[in-house]
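What follows is a set of notes on a single structure, which appears directly below.
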Amino acid sequence: MGRIKTQLIKRTTEHLLATHAGQFSEDFNANKELANKFVAVHSKKLRNMVAGYLTRLVRIRKVKGT
């Protein structure tokens with residue numbers, strides 16, 4: 001089983017994907033920089049959790065073809 005994401009992480013990530021969907025890729029480091037640019041995150045841990053969840057959702061959506 002994986003780690004459970006909080007509602008803050010999920011809500012922030014969904015908002016980023018809704019507003020800036022075309023800019024995110026399957027690369028974690030690139031998504032980390034973009035998340036830092038678009039959202040004022042106060043800690044590296046939260047930024048990395050958002051970027052990791054973004055990367056995961058982008059990969060899932062690419063496999064599904066949506």
Specify which of the listed residues (VAL50, VAL63) is touching a helix residue (DSSP H, G or I) at 6+ places or on another chain (Cβ under 9 Å) and of a type outside the set (Ser, Thr, Tyr).
VAL50
Across region 39-66, the tally of residues that are free of Cβ contacts under 8 Å to residues at least 12 places away in the same chain and either touching a strand residue (DSSP E or B) at 6+ places or on another chain (Cβ under 6 Å) or of a type in the set (Phe, Trp, Tyr) (or both) stands at 0
Residue hits (region 1-47; touching a helix residue (DSSP H, G or I) at 6+ places or on another chain (Cβ under 8 Å) and basic (Lys, Arg)) are LYS5, LYS10, LYS32, ARG47
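Only the coordinates and a few stated rules stand behind these numbers; no lab work does. The shown structure was predicted, so the numbers you read here are calculated from the model rather than taken from an experiment. Because the Cβ atoms are built from the backbone with ideal geometry, glycine has one as well, and the counts that use them run over all protein chains shown.
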